[in-house]
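To keep things clear, I will list the structure first and then write my remarks on it.
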Amino acid sequence: MRILHVITLVDDRSSYGGPLTVAVNQCAELRRRGHDAQIVAGWRGAGPTPSEIEGVPAHLFPVRTLVPGARFSGLLSPAMLRWLFRNAGHFDVGHLHLGRDLIALSAGLMFLRANVPYTTQTHGMIAPDSRAQARLLDRLLTLRILRRAKSRFVLTRTEKQDIQEMLGDETPTVQLPNGVALTDLRPRPEGRPDVVFMARLHPRKRVMDFAEAARNLIADGIDARFSVIGSDDGDLERLHEFIRMNPEVQNSLVYEGALSHDAAMERLQRASIFTLPSVGEVFPMTLLEALAAGTPSICTVSCGLADQLVQDDAALVIEPGTQPLAVALRLLLKDRQRRDELSQAARETARKRFSMQTVGAQLLQSYEHREEGILSGQ
């Protein structure tokens, strides 16, 4: 089959995060199985526009900001829509990684125009919203695109209920986990431990909990490097101010900026510990990638993976906040054997629960399910 995945934005800072990683992993697995899976997306970045993303053919087009201050939802790419107008009909299946944004929703209109059956995968990004702008966009586009989809992928039961509430019926959905590819393990550097926070710097991600925990541990005489990696989404100035006001952390707490996905994965493989102190994470891809890399990890009880990780003893799961994070970090930094145990369990959990082979099989089953008309368009 020829399968076209639509993503809102690709850039050189991995700003769109998990949904892009999911799309790339899915396409790579589909191509491994012999299908022609490609990506089309908006592009924003310096230098030449890439023609592939981690080996997956990509058609990337410049974006414009149509609605200032609306972040991803206010972007539009007229060049991408022109390309879809000409080329959408050449594909057997479309796969919309769908948020309330003009790029993905407009791509859905192009699939409808070309009579191409498509699936939606909402990544927890669409839920009932009482704001006037969201209600208007739903009435004009979102509900139509969701209703006309041949299949709808969701991550959780909560997301399923949200989609059904919006559509006002028992619309069928398919629960599809995020998957991760296992790569060969690399030896981790010896010497000073390297603790990594890797996420966009949004208040919900709790980078300041990480910074405060680092200060507490440094004050207790623990010698480690605490590295913050990610694009700014509101908290970067607070982090810089914290480092300026606490000179005792300045050689140990470091902001490394944003990284491309390839560089971020290599960075995870070198880390001694990965932390995700955020709240409300549904199915965080960076945590999955840390597990696959065998990086001992810490997340909070509000993470959607928490129960499975506790069951497998594959990560430390803590209450949100500075103090629980500092306690967990102190334990792992002082106990190399415990880090080794978590590393092995993390790899096994990634293999057993979140393999791309399982996800790829489920994708193809949905694409090929003729009774729902996914190929016939009925």
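Worth pointing out:
- Of all residues in region 52-67 being within 21 Å of the chain's Cα centre (by Cα) and in a loop (DSSP other than H, G, I, E, B), the one that is surrounded by the most Cβ atoms within 10 Å (Cβ to Cβ): V63
- Pick from region 164-186, criterion among the β-branched types (V, I, T) and surrounded by fewer than 19 Cβ atoms within 10 Å (Cβ to Cβ), ranking: farthest from the chain's Cα centre (by Cα): T171
- Within region 182-214, the set of residues being more than 16 Å from L332 (Cβ to Cβ) and assigned to a strand (DSSP E or B) comprises M198, L201.
- Within region 91-109, the set of residues being farther than 21 Å from P62 by Cβ and either in a helix (DSSP H, G or I) or over 19 Å from the mean Cα position of the chain (by Cα) (or both) comprises F91, D92, V93, G94.
- Residue selected from region 215-246 under the condition of a type in the set (A, V, I, L, M) and in a helix (DSSP H, G or I), by the criterion nearest to R330 (Cα to Cα): L217
- Region 349-361, residues that are in a helix (DSSP H, G or I) and buried (at least 17 other Cβ atoms within 10 Å of the Cβ): T349, A350, R353, M356, V359, G360
- Qualifying residue in region 104-111 (condition: in contact with a His (Cβ under 9 Å, 6 or more places away or on another chain) and within 19 Å of A41 (Cα to Cα)): yes
- Residue among L259, L363 that alone is modelled with pLDDT under 95 and not assigned by TED's automatic domain parsing to the domain that holds C27: L259
- Condition broken by D335, with the remaining ones in (1) more than 19 Å from the chain's Cα centre (by Cα); (2) within 30 Å of R2 (Cβ to Cβ) satisfied: (2)
- Residue in region 249-271 that is farthest from L201 (Cα to Cα), counting only those that are without any contact (Cβ under 8 Å) to a residue 24 or more places away in the chain and not acidic (D, E): N251
- Consider region 272-314 and keep the residues that are free of Cβ contacts under 8 Å to residues at least 40 places away in the same chain, closer than 22 Å to P19 by Cβ and among the hydrophobic types (A, V, I, L, M, F, W, C). The one that is surrounded by the fewest Cβ atoms within 10 Å (Cβ to Cβ) is A306.
- Close contacts from region 201-221, counting a first residue that is not assigned by TED's automatic domain parsing to the domain that holds S302 and a second that is of a type outside the set (A, V, I, L, M, F, W, C), with Cβ to Cβ under 8 Å and a gap of 6+ residues or different chains, come to none at all.
The values are calculated or read from the model by the stated rules, or taken from the named source; none is laboratory data. Worth saying up front: this structure is predicted, and the values here are computed from it rather than measured. Don't worry about glycine lacking a Cβ; one is built from the backbone with ideal geometry, like all the others, and counts go over all protein chains shown.
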